[in-house]
Structures are given as C-alpha cells and as structure tokens.
1. Between K159, K24, K337, where does the largest GNM mean-square fluctuation fall for the chain, given springs only between Cα atoms within less than 10 Å?
2. Would you mind working out the magnitude of the charge dipole of the chain relative to its Cα centre, with +1 at each Lys and Arg C-beta and -1 at each Asp and Glu C-beta, to the nearest 20 Debye?
3. Please find, in a Gaussian network model of the chain (springs between Cα atoms separated by less than 10 Å), the residue of F384, F171, F262 whose mean-square fluctuation is greatest.
4. Does the range 314-420 classify as rounded, prolate or oblate by the C-alpha gyration tensor (a ≥ b ≥ c root eigenvalues; a/c under 1.5 gives rounded; else a/b over b/c gives prolate, otherwise oblate)?
5. Tell me, how many Å apart are the Cα centres for the range 346-385 and for the range 134-175?
6. Go through K159/K391; K252/K283; K67/K87; K34/K159; K43/K186; K159/K186 and tell me which ones have a Cα-Cα distance over 22 Å in this structure.
7. Summing +1 for each Lys or Arg and -1 for each Asp or Glu, what net charge is found among the other residues whose Cβ lies under 14 Å from the Cβ of K351?
8. For n ≥ 4 DSSP H runs only, could you compute -39500 (n - 2.57) per run for the chain, divide by its residues and tell me the 222 nm figure to the nearest 500?
Amino acid sequence: MTMEIRRDRYLERLIAHKGNGRVKIVTGIRRCGKSYLLFQFFKRHLIETGVKPNHIIEIQLEDRSNKELRNPDACLAFIKKQIKDQKPYYLLIDEVQLMDEFEDVLNSCLHIENLDTYVTGSNSKFLSKDIITEFRGRGDEMYLRPLSFKEYRTIQPDKPFDDVWTEYMTFGGLPYCALLPSREEKADYLKRLFDEVFLRDIIERNRVQNDAQLESLLNVISSAVGSLTNPKKLEDTFTSSGTGKLSAVTIKQYLDYLCDAFMIEQAERYDIKGKRYISTPYKYYFTDTGLRNARLNFRQLEETHLMENVMYNELCLRGYSVDVGVVEINERQEDGKYVRKQIEVDFVCNKADERVYVQSAFSIPTTEKRQQEERPLVNVGDGFRKVVVTKDNVIRHNDENGILIMSLQEFLMDERALEK
C-alpha cells in the first residue's frame, strides 16, 4: 500500500465549508495534492459520516473515458441525472478547466438546492487566480500549498532533524517527489516537471512569444531568491550581463505570470515606523524550494537563503500576511556625524490584531553576531513580539532585549511556536 501523507489542515477546512451554498475551489501549484485531497481524503470523510457512495458524483475530466463530459451541456445533464432524491449530494470535479464554459456549469450547480460542489484545477485558466475573480461572492477558495516541513517529517519520523531538513530544503514539498526513494529520482522528477508541465503551462496560457527570455528571467529570480529587486533593476541586470535586452515592462509581465501560476510569491516592503508600504523593490520567494533548485540544476543550494524561503512559506501557511520590514535609524559615522540608514526586518507578520516580527538567522555563534541579527528588531520601537529563528540547536529563551530566540526545528515543528 502506498504511504499517505495526511493533509488534515486542509481536510478540516473543506469539512468546515461543507453545505454552505458555495462552490468550493481548491487552487494551488501543480502536483501539490489537490486531487488526492478531494477524491481520497474528503470522499473518505463523506463515506465515514454516512454519505452513500451513490450520493457522491465524481468527475475526473483528465480521464480520457470522461471526454464527453468536457462538453458543458453533457456534463450538466449527467450531473442532474445522478440526483434521484432530495438527500444531499456531493459533486467532485477534477481539472474542471478542461470543460468549456465551466463557469456556467458551476453556476447552474449552485441552483440545485441539495447539491454541494467541489472543484480542483491547476493548468490553463485554473492555473491563475482568474477563477476566484469569476466566482467572487459565490465561491470559497482554498489555497493548497506543498507539504509543510511538519507534514514532510511524517514520512521519516525517526530520521535526525538535520537530515530531513537538508532533504526538504533541497527537494521541496511536492507529495509525489517526497515519496520517491532516492535523491536522483527526486531531482529528475522535479527537473522534468518544471520543464514539461509548469513552464509549458505558463507559456501556453499567456501566449509567451520568447520562451528564452522567460527562462532567463526564471534563472535570475531563482539565483536571487529573497533578494530585493524590481523590474528596472532586473532590466539593468540583463543589460549588464550581456545576455540580451529585456524591458522592465516585459519583466513585470513575466513576474505576474509566475505569481499567477503560484510558482513565486511577492513580498512587499513595509516602513514599520512610517506605517506605510514602499512601492518598490520587492522580494520574491518560491512556493516550492525543490522547483527553485531544479531550475538551477541543484547548483546553488545556499542554506541561508533557502531557510528564509522555507520560513516565508511556513508563515504564510499559518495564516499570516507577510511583508519585508524596513526600519530607519540614525547611524553615527567615524567622523561623529550621523547618517540616515535603512535596516531590514526579514518578516513583518500580521494576522487579525496580532503582529510578530521574525528574523531568519542561520547561525548566531557569537554575541556580536546575535546583536547584529537583533539590531533591526531592537530599533522597531513598539511592543509587538520579536523573534529570532536560528538553525543552531538552541533552547528557547528570551534575551536581555526581550527578544525570543528559538531553533528552526521548534519553529517548523510547533505551529504555535510564535504565539507562546
């Protein structure tokens, strides 16, 4: 029997939205487990809670044998034919974008009182966020991310943390990849997936004319993960490197394509003391570090930057809105004069009325290094919680500045670590 990796967080959310009169839309990057969540975990829940199998209508549109159901009228007629009484029915459609005019079909399903509808999709139109706009007010989106480290850890619970961390940081959290037995198979799977699925979908959906330009931009973004940048800066990079000219306008378009495809996410800069957003530059993080590393053929595995990327994804997973913080300070120079300077807080995390500032510090072996990492937090000047997360094996404690220091292992394994 193939091992299952539980996705309880998402299953519980689906269950909580059951029967609410809206279309439940499961979105997310390709191969992150959307179909398995719906057709295995959620279907199993329905049956275990007394729903008869003949009251679960399953349509797998990617299956060739269901080709006729890609016709919207045929599909709607098929759905109505399955409903034979007034008891609740559950409609599960996979890869719904393969059906023409699927929006009309889903809208028609909303008019069937005893039908509860759930759909997934991951390429073409559904690869982007368009579907959420289309169903604003009538659809509930659930964004499914790749495996968190804690979910990934369940595959090898007895293996040392450092070994599992290295594997997760390198190969990411796509479920199928996580279950492959060897590093070679993982690397080969990710490289093929990137080129044959992700890249092709983005190019076809957006009718990209110059594939080479998009691929060059991907290489630059992959190499500079977590670095401040913007389209103009990237344009200058292309010009100075001699790899050809790529305009800031085109770069902005390509970055939007990658964000819409859930491949990368943009973190905005926030002036903490000024209480305002700074329009540019931004930071970009990969939704899955394995795909980022595959793009670079696993040649640039800088653990400092990958740790920051993983932490960003984990904070977003926990429901925080995550920005890059900026703090302005007056710094005294050797000549005694003061100079205005900006220093950075890695993550400003907001959730409802809660705020926490988080620094990613790969290692803090000395007091001097710790003070350097804490400097932005010390200068924030408000009473919200401030945390430094380090790869070092440290015991959770508050230092003399009131800053909480914890290990990466605790941060990743305890979802409430920032709230204690």
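We did not get these values from a lab; they are worked out from the coordinates using the rules stated. Treat the numbers as computed from the prediction; the structure is a model and nothing was measured. Counting neighbours? That spans all protein chains shown, and the Cβs are built from the backbone with ideal geometry, glycine included.
1. Comparing K159, K24, K337 in a Gaussian network model of the chain, the most mobile one is K337.
2. 520
3. Fluctuation is largest for F384.
4. Numbers: a/c = 2.32, a/b = 1.45, b/c = 1.60.
Here the range 314-420 falls in the oblate category.
5. Centre-to-centre distance over Cα atoms comes out at 25 Å.
6. K67/K87; K34/K159; K43/K186
7. Local net charge: -2.
8. It comes out at -10500 deg cm²/dmol, rounded to the nearest 500.
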